[in-house]
Ligand SMILES: [Fe+2]
């Protein structure tokens, strides 16, 4: 079956479809018919609009939702800065921390679990480019948490959309628009501004996040592939409306705003949306459903054929962020060096591994929960052992990546590595380059009798 067999079974219902106009009501009749903002919305609810794009964005980009809730989000005390000495996830706003722009290839050992913190405090910026205050660029995070968020706390990022890639553990996410269960081999996207609370039903969690400061993720164009394949629109799942009634408890709404943490008190739950409709919502996707395309004749195509989601820059075809996966697949190409080729790229490539072994690196240094970064024009490719093996392999049809799922965050931006990513995490493999490529042997043999300059 083209779907993942998860240890923890699904417990929520979803609305299927990517970029589909959805509507959902937890009580029959809670959605107004026709009008978005009637004088008296059903059952005494308040109407609130949530804009994920400018009002006037073109139709194909426009993302807005209407929420019908017990109390509007604006009913809260002023936000106050919190943990200002320690909390900062903005790559360009770190007065006490250097961002390292370096051309070396980098690889990290598996990042540590941290059972002492919740979701909000689990976010470690590893690398990034741009600035959320200018709505440009991306942030790449590692998260590791062991505690549920406080029962009366909710969190949102004003800085960008979170694309969350769990590697270990399960995220049970209560959002304003409904609930999502996200397990390893699934991803979820929580757009800018949507409030949520993360619980950990299977214990500690760890994984990767790409925060997109500009635009939103889209499905890639399919060109000559046609109207299906890669990630199919019907496999993306949005939550159904689900609400709590609580207007007597003190809640804290936490905001990540320009990388800093703020908190506001309110006397009602933010999870009080009884019904909603629109195009701006969180969603999840099972990577096991990806319909992988590859060569059935010769040569290794560009890895763009493995793109799940893309966020384009203002230059079509050039992505601020691509989310690319390397799923289990058959290799059948004839007379072909089948692993990825040696490469230098104007794009930066950050890779992670959810489970298994990535087929281009068999030396054991690229492990689940680890990572690598090949920045703009930093040379990379198969390690010496993989090259030797693949150059001499019998080219029968072969399944690779069985039980494995590697992924890449690819960006047109040169990413800087944070002090935490380069030093404090203590996971950088100092011998990555030597281990991978110093062992490559010279194979060139000048043809008998040829001399330099003879044509
Ligand atoms: Fe590459």
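Every number here is computed from the coordinates shown, using simple stated rules; none is lab data. Quick caveat: nothing in here was measured; it's all calculated off a predicted structure. We place every Cβ from the backbone using ideal geometry, glycine too, and count neighbours over all the protein chains shown.
Below is a table of values for the structure above.
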{"read-out": "Theoretical FRET efficiency, 1/(1+(r/R0)^6), r = Cβ-Cβ of residue 222 and residue 12, R0 30 Å, to 0.05", "value": "0.50"}
{"read-out": "Computed E for residue 292/residue 450 - FRET, C-beta separation, R0 56 angstrom, nearest 0.05", "value": "0.85"}
{"read-out": "Value of relative contact order over region 288-437, rounded to a whole percent, pairs C-alpha under 8 Å and six or more apart", "value": "28"}
{"read-out": "Calculated [θ] (222 nm, deg cm²/dmol) that DSSP helices of n ≥ 4 give over the chain, each run adding -39,500 (n - 2.57)", "value": "-1000 deg cm²/dmol"}
{"read-out": "Label-to-label distance, nm, for residues given as residue 302 and residue 414 (7 Å Cα→Cβ offset)", "value": "2.2"}
{"read-out": "Label zone at residue 135 (point 7 Å along Cα-to-Cβ), backbone N below 19 Å, region 165-202", "value": "190-195"}
{"read-out": "Cα gyration tensor category, rounded, prolate or oblate, for region 317-357 with a/c compared to 1.5", "value": "oblate"}
{"read-out": "The chain - share of DSSP beta bridges that are antiparallel (%, nearest 5)", "value": "95"}
{"read-out": "Spin-label pair residue 402/residue 249, simplified geometry with 7 Å Cα→Cβ offset, distance in nm", "value": "4.8"}
{"read-out": "Global form of region 288-437, assessed from the alpha-carbon gyration tensor, a/c cut-off 1.5", "value": "oblate"}
{"read-out": "Gain on full stretching of the segment that runs from residue 258 to residue 433 - 0.36 nm per residue minus C-alpha separation", "value": "59.5 nm"}
{"read-out": "Rough spin-label spacing in nm, given labels placed 7 Å along Cα→Cβ, for residue 54 and residue 77", "value": "3.7"}
{"read-out": "Relative contact order %, the chain, counting alpha carbon pairs below 8 Å whose residues are six or more apart", "value": "20"}
